[in-house]
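Let me begin by presenting the structure, written as structure tokens, before commenting on it.
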Amino acid sequence: MNRLRGQSGLTYVIWSVLTVELLLSVATARWTVAFVSLATLALTMTPIFLAPRLNIRLPRSIVAAIVVFIFATLFLGEVMDFYIRLWWWDIALHGMSALGLGFAGFLLVFILFEGDRYAAPAWAIGLLAFCFAVTIGVIWEVFEFAMDQTFGLNMQKSGLVDTMGDLIVDIIGAGVAGLTGALYLRGKALGSVSALVEEFVDLNRRFFRRFKG
């Protein structure tokens, strides 16, 4: 339980909402809602317990972003029907995931170069981050197609239109993340983005032996 301490206030608020909803759902025998609440709560805590096994320390802000995304995807999307109530909800979440994956791809490549800004051209590292995020997006769309074809689900909603819309949003989000990473490597002041990268580097200094702020 010590690993759950020291998180952001937003993270604790979401955990509290999920816990209350879980208890109320069990008390009123709404088992589907209870299951989704429990699954969401477990998934939001997974990065905190998984990261140490990968020998990685995550900044509170990254944990909070992951928690918000999972909460928005599962609980708000499925339990509160935001996918139906808000036509743009799925698009917004795909954009968020593409940005997050692009940022993760940038950090992964940065780790491979041990934090050396000049090990490769900034545009090349940004392009690799972009490709990483788009690839994950494509794999997800293949997964949705496979689930629909195998189990008769409707994850693709309107079929080709939904798939292409999701991929376009993924490309835009990944492009923004890749461009941001490239600008950071070129020494551009990016405010909170730069601070987040440097916080991650400080927490995981052993991976960034060549890093110079």
Against the condition assigned to a helix (DSSP H, G or I) and under 23 Å from Ala104 (Cβ atoms), how does Val17 come out, does it pass? no
Among helices (runs of 4 or more DSSP H) completely within segment 100-213, the ones holding 1 or more residues that are more than 26 Å from Asp90 (Cβ to Cβ) and open to solvent by 80 Å² or more (accessible area, probe 1.4 Å) are 122-151, 192-203
Given the condition surrounded by fewer than 14 Cβ atoms within 10 Å (Cβ to Cβ) and either touching an Asp or Glu at 6+ places or on another chain (Cβ under 9 Å) or outside any loop (DSSP other than H, G, I, E, B) (or both), answer yes or no: does some residue in segment 68-88 qualify? yes
Picked from segment 89-99 (must be surrounded by fewer than 20 Cβ atoms within 10 Å (Cβ to Cβ) and not β-branched (Val, Ile, Thr)), the residue modelled with the lowest pLDDT is Asp90
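So in segment 20-59, with the set limited to residues that are among the hydroxyl-bearing types (Ser, Thr, Tyr), touching a helix residue (DSSP H, G or I) at 6+ places or on another chain (Cβ under 7 Å) and farther than 24 Å from Phe103 by Cα, which one is surrounded by the most Cβ atoms within 10 Å (Cβ to Cβ)?
Only one residue fits best here, namely Ser37.
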Give me a count of the residues in segment 35-67 that are assigned to a loop (DSSP other than H, G, I, E, B) and more than 18 Å from the chain's Cα centre (by Cα). 1
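The values are calculated or read from the model by the stated rules, or taken from the named source; none is laboratory data. Since we're looking at a predicted model, the values are computed, not measured. Cβ coordinates were reconstructed from backbone atoms using ideal geometry, including for glycine residues, and neighbour counts include every protein chain displayed. SASA here: full protein model, heavy atoms, side chains in, ligands and nucleic acids out. Shrake-Rupley method; radii C 1.70, N 1.55, O 1.52, S 1.80 Å.
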